[in-house]
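K.L.:
Have a look at the structure that comes next, please.
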Amino acid sequence: MKILVVGGGGREHAVIRKLKQNPNVTDIFCAPGNGGISRDAACVPIKATDIEAMLGFALSEKIDFAVITPDDPLVLGMADEFRKHGIPCFGPSKDAARIEGSKVFSKNLMKKYGIPTADYQTFSSEDEAVDYISKGSFPIVIKADGLALGKGVIIAENLEDAKAAVHSIMSDKIFGASGNNIVVEEFLTGPEISALTFCDGKCVKPMVSSMDHKRVFDDNRGPNTGGMGVVAPNPFFTEAVANECMEKIFLPTIKAMQEEGCPFQGCLYFGLMLTPNGPKVIEYNCRFGDPETQAILPLLETDLLDIMLATTNGTLNDIDIKWKDGACACVVAASGGYPGKYPTGLAISGLNSDGQIDGADVFHAGTKFDGEQFLTAGGRVLSVCCVAKDVPAAQRAAYEKLSQVSFENMHFRRDIGAVAIAAINNK
């Protein structure tokens, strides 16, 4: 079976490493891929958003199944084009991908179907947004409507910061056309939970829960990033919370998408906050999270390709998805300066010829291979992940393995999993 994975980051590397375990897989291509992925798949230099070129390659190579993981090509409709030409794929349709592609769409969906979320208002006018914010309380959350690489959320502590945030999004267009409309919503408090699920349009099956760490510096300081590390499972996602989420959030969302005529097939990510009034949705993503995927998939026992085929064929209910006992910790090694400007082309030391470290899973995000060594090629460079008996043991192992890797100005958070471990110790 020939597989094409679209994308080129740590998430795609984790997916590919799992797909390789299926004995029916003969070839895996990744477009565009990266230096580390080139050790596990044949990399093809096609941009993830180039639908025409990607489809042409898939048809010429007679690809049997495509896995479209990034948000951009899904929102642009790549899955629709593949299916139109007879290539089955894992990933939602363009209409279903609006659940991430437009925060206005997703917030209105939650409001219409009674799915718990923060109170909000949407705006297409900067003046109207500022007038509304001036009458509110702080902190307040301001979100660009469209995609922004996981960075389109600004928490404003006061009116001055809020005005600046609205202006930078709507007038300065720091997120491009994604800032033509904004969502202004109440600031929620409580532990955050990443809950990824497999969906086939009617059935939804949760993966192991996880806790992401978005801010660039320790103690959740600094600007948002795409994610600096993850631990799984999330100790706040108890059985009682999981049951409540299934009843009030997961199933209602799947049914809402059916009612709207865009059933969701693929991976639906629920970004949740466990507030004093119960779990609420912060955001939806229409794909695997990054770096959540790197911490979750090492715990998966059931064959990933079988699950993906079931989501495509509408037979997810027939599969018993099993997970390993224990936990996984993932720490991201990033370029100094990320998420702002950073250098590239820096030599990475400590990896073997396959780009790995003994005793860990190293998933490459921003790397390239020059024929002799691995070099940095992005903001988030590597995800170092370790599975152990519990979260504290996994965290210790991940940091120990990360200490073997280095490149100039390498930056990483030193408190990944600290909140989770404190919660475990307080139980």
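K.L.:
Of the numbered conditions (1) modelled with pLDDT of 95 or more; (2) open to solvent by 10 Å² or more (accessible area, probe 1.4 Å); (3) not aliphatic (A, V, I, L, M), residue 210 fails exactly one; give the number of that condition.
P.N.:
Of everything listed in (1) modelled with pLDDT of 95 or more; (2) open to solvent by 10 Å² or more (accessible area, probe 1.4 Å); (3) not aliphatic (A, V, I, L, M), residue 210 misses just condition (2).
K.L.:
If you go through the range 279-292, how many residues are open to solvent by 10 Å² or more (accessible area, probe 1.4 Å), outside any loop (DSSP other than H, G, I, E, B) and over 19 Å from residue 109 (Cα atoms)?
P.N.:
Result for the range 279-292: 0.
Listed here are the residues, each with its yes/no results for (1) modelled with pLDDT under 95; (2) over 20 Å from residue 149 (Cα atoms); (3) not small (Gly, Ala, Ser).
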| position | (1), (2), (3) |
| --- | --- |
| 3 | no, yes, yes |
| 18 | no, yes, yes |
| 34 | no, no, yes |
| 37 | no, yes, yes |
| 42 | no, yes, no |
| 46 | no, no, yes |
| 52 | no, yes, yes |
| 57 | no, yes, yes |
| 66 | no, yes, no |
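K.L.:
Let me ask another. Are any residues in the range 112-123 at pLDDT 95 or above and open to solvent by 40 Å² or more (accessible area, probe 1.4 Å), and if so, which ones?
P.N.:
Listed by number, the residues that qualify are 112, 113, 114.
K.L.:
Considering 310, 256, 295, 242, which residue is within 14 Å of the chain's Cα centre (by Cα) and in a helix (DSSP H, G or I)? Walk me through how you get there before you give the answer.
P.N.:
Working: 310 fails: within 14 Å of the chain's Cα centre (by Cα); 256 fails: within 14 Å of the chain's Cα centre (by Cα); 242 fails: within 14 Å of the chain's Cα centre (by Cα).
None of the other options fit; the residue is 295.
K.L.:
Also, I was wondering about something else. Would you confirm whether any residue within the range 194-206 is aromatic (Phe, Trp, Tyr), open to solvent by less than 10 Å² (accessible area, probe 1.4 Å), modelled with pLDDT of 95 or more and under 20 Å from the mean Cα position of the chain (by Cα)? Give the derivation first.
P.N.:
Here is the first cut: in the range 194-206, the ones aromatic (Phe, Trp, Tyr) are 198.
Right, trim to open to solvent by less than 10 Å² (accessible area, probe 1.4 Å) and you get 198.
Okay, now just the ones that are also modelled with pLDDT of 95 or more, so 198.
Subset that is under 20 Å from the mean Cα position of the chain (by Cα): 198.
Yes: the range 194-206 contains one or more residues that are aromatic (Phe, Trp, Tyr), open to solvent by less than 10 Å² (accessible area, probe 1.4 Å), modelled with pLDDT of 95 or more and under 20 Å from the mean Cα position of the chain (by Cα).
K.L.:
Condition first: out of contact with any Lys or Arg (no Cβ under 9 Å at 6 or more places or on another chain) and either among the charged types (D, E, K, R) or surrounded by fewer than 22 Cβ atoms within 10 Å (Cβ to Cβ) (or both). Now tell me which residues in the range 88-103 satisfy that. Walk me through it before giving the result.
P.N.:
Restricting attention to the range 88-103, the residues satisfying the condition of being out of contact with any Lys or Arg (no Cβ under 9 Å at 6 or more places or on another chain) are 88, 90, 94-96, 98-99, 102.
Correct list: 88, 94, 95, 98, 102.
K.L.:
Here are 296, 319: which of them is surrounded by fewer than 22 Cβ atoms within 10 Å (Cβ to Cβ) and of a type in the set (A, V, I, L, M)?
P.N.:
Numbers: 296 fails: surrounded by fewer than 22 Cβ atoms within 10 Å (Cβ to Cβ).
Every option except 319 fails the conditions.
K.L.:
Find the residue count for the range 369-397, including only residues that are under 20 Å from the mean Cα position of the chain (by Cα) and either among the small types (Gly, Ala, Ser) or assigned to a loop (DSSP other than H, G, I, E, B) (or both).
P.N.:
Going through the range 369-397 one residue at a time, the tally reaches 4.
K.L.:
Taking the condition of being surrounded by 15 or more Cβ atoms within 10 Å (Cβ to Cβ), touching a residue at least 24 places away in the same chain (Cβ under 8 Å), farther than 12 Å from residue 130 by Cα and over 21 Å from the mean Cα position of the chain (by Cα), how many residues in the range 152-179 meet it?
P.N.:
1
K.L.:
Need the failing condition index for residue 27 against (1) out of contact with any Gly (no Cβ under 7 Å at 6 or more places or on another chain); (2) within 26 Å of residue 385 (Cβ to Cβ); (3) crowded, with 24+ Cβ neighbours inside 10 Å, just the number.
P.N.:
It is condition (3) that residue 27 fails.
K.L.:
Among the helices (runs of 4 or more DSSP H) lying completely within the range 23-132, list those that include at least 2 residues that are of a type in the set (D, E, K, R).
P.N.:
Values: elements: 51-60, 71-76, 78-84, 94-101, 103-113.
Helices (runs of 4 or more DSSP H) meeting the threshold: 71-76, 78-84, 94-101, 103-113.
K.L.:
Let me ask something else about it. What are the residues in the range 124-151 that are more than 29 Å from the chain's Cα centre (by Cα) and either under 21 Å from residue 284 (Cβ atoms) or surrounded by 21 or more Cβ atoms within 10 Å (Cβ to Cβ) (or both), if any?
P.N.:
If the condition is that a residue be more than 29 Å from the chain's Cα centre (by Cα) and either under 21 Å from residue 284 (Cβ atoms) or surrounded by 21 or more Cβ atoms within 10 Å (Cβ to Cβ) (or both), then 133 is the only one that fits.
K.L.:
Among the residues of the range 221-259 satisfying the criterion of being surrounded by fewer than 17 Cβ atoms within 10 Å (Cβ to Cβ) and of a type in the set (D, E, K, R), which is nearest to residue 337 (Cα to Cα)?
P.N.:
Selected residue: 221.
K.L.:
Using beta carbons and a limit of 9 Å, which pairs, at least six apart or on different chains, have the first residue in the range 45-64 and under 9 Å from residue 82 (Cβ atoms) and small (Gly, Ala, Ser) and the second one open to solvent by 30 Å² or more (accessible area, probe 1.4 Å) and assigned to a loop (DSSP other than H, G, I, E, B)?
P.N.:
Filtered contacts from the range 45-64: 58/85.
K.L.:
While we're on this one: Given the structure, is residue 217 open to solvent by 40 Å² or more (accessible area, probe 1.4 Å), touching a helix residue (DSSP H, G or I) at 6+ places or on another chain (Cβ under 9 Å) and farther than 27 Å from residue 90 by Cβ? Lay out the reasoning, then the answer.
P.N.:
Details: open to solvent by 40 Å² or more (accessible area, probe 1.4 Å): yes; touching a helix residue (DSSP H, G or I) at 6+ places or on another chain (Cβ under 9 Å): no; farther than 27 Å from residue 90 by Cβ: yes.
So residue 217 does not fit the description; no.
The values are calculated or read from the model by the stated rules, or taken from the named source; none is laboratory data. Keep in mind that this is a model prediction, so the values were computed, not measured. Cβ atoms come from the backbone with ideal geometry, glycine included; neighbour counts cover every protein chain shown. Calculation scope for accessible area: heavy atoms of the full protein, side chains included, ligands and nucleic acids excluded. Shrake-Rupley method; radii C 1.70, N 1.55, O 1.52, S 1.80 Å.
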